[in-house]
Amino acid sequence: MVGCNIMIFTEDTYGRDFIKGLVSRLKIEGLIKSEIGVNVRRLAGICNSKMQRQIKAAAITHEKIIVIADADGKPIQEIRKRILYHVPPDLQKIVRTIILRYEIEEWICISLGLHITKKPSIELDEYIKKKEKDAKSGYKKYMLPKFVETLNINRLENYNSFKEFINALSC
């Protein structure tokens, strides 16, 4: 198959634009095929009954569905099970789950070479405050998409959830 359509669902409101920008960058850098069509939508929620309807609707026009979810420090397999519970059995073969240990900001922290000892958004906030030397500045969720351009993809390529994401984007 030369190209295919993939739907990506992400929990984060600002994660939608971050993932869209990241997919664009991955295409430009040749890490994924440029022919792949990708749509990104916000996930209703892991245990929201609407999630099942979102997946069923996406399956009509997409060959693959990727669900990106935060584990928030909980066991990754537990979150994966909770998601797959809401995926109809006949669609499980086209659904891939990418579970982040904490949250999407961990990819930014890894990219920056930060050692994650607390919630990644807090690590990022402290890093920016220290770098900017301005206690008023720091990281806010709306800034997430702005980090796409500066991500160090080489550092991320060995990070498990990022590697899974790249692999899921193949058809």
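Data for the structure
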item: Condition broken by A168, with the remaining ones in (1) open to solvent by less than 10 Å² (accessible area, probe 1.4 Å); (2) out of contact with any Lys or Arg (no Cβ under 7 Å at 6 or more places or on another chain); (3) in contact (Cβ under 8 Å) with a residue 40 or more places away in the chain satisfied; result: (2)
item: Boolean, F9 is in a helix (DSSP H, G or I) and of a type in the set (A, V, I, L, M, F, W, C); result: no
item: Matching residues in the stretch 42-55 - criterion: being among the charged types (D, E, K, R) and either at positive phi or exposed (fewer than 14 other Cβ atoms within 10 Å of the Cβ) (or both); result: K50, R53
item: The stretch 139-171, subset among the hydrophobic types (A, V, I, L, M, F, W, C) and assigned to a loop (DSSP other than H, G, I, E, B), residue nearest to the chain's Cα centre (by Cα); result: L169
item: Lone qualifier among I55, I68, I98, I83 - being over 18 Å from N39 (Cα atoms), out of contact with any Pro (no Cβ under 6 Å at 6 or more places or on another chain) and of a type in the set (V, I, T); result: I83
item: E63 vs. criteria in contact with a helix residue (DSSP H, G or I) (Cβ under 8 Å, 6 or more places away or on another chain), under 29 Å from Y127 (Cβ atoms), surrounded by fewer than 20 Cβ atoms within 10 Å (Cβ to Cβ) and not aromatic (F, W, Y); result: no
item: Some residue of the stretch 11-21 being surrounded by 17 or more Cβ atoms within 10 Å (Cβ to Cβ), more than 24 Å from L124 (Cα to Cα) and out of contact with any Ser or Thr (no Cβ under 8 Å at 6 or more places or on another chain); result: no
item: Wholly enclosed helices (runs of 4 or more DSSP H) of the stretch 70-138 bearing at least 2 residues in contact (Cβ under 8 Å) with a residue 24 or more places away in the chain and open to solvent by 20 Å² or more (accessible area, probe 1.4 Å); result: 76-85, 105-112
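The values are calculated or read from the model by the stated rules, or taken from the named source; none is laboratory data. Quick caveat: nothing in here was measured; it's all calculated off a predicted structure. Every residue, glycine as well, gets a Cβ built from its backbone with ideal geometry; the counts of neighbours run over all protein chains shown. Only protein heavy atoms, including side chains, enter the accessible area calculation; ligands, DNA and RNA are left aside. Shrake-Rupley method; radii C 1.70, N 1.55, O 1.52, S 1.80 Å.
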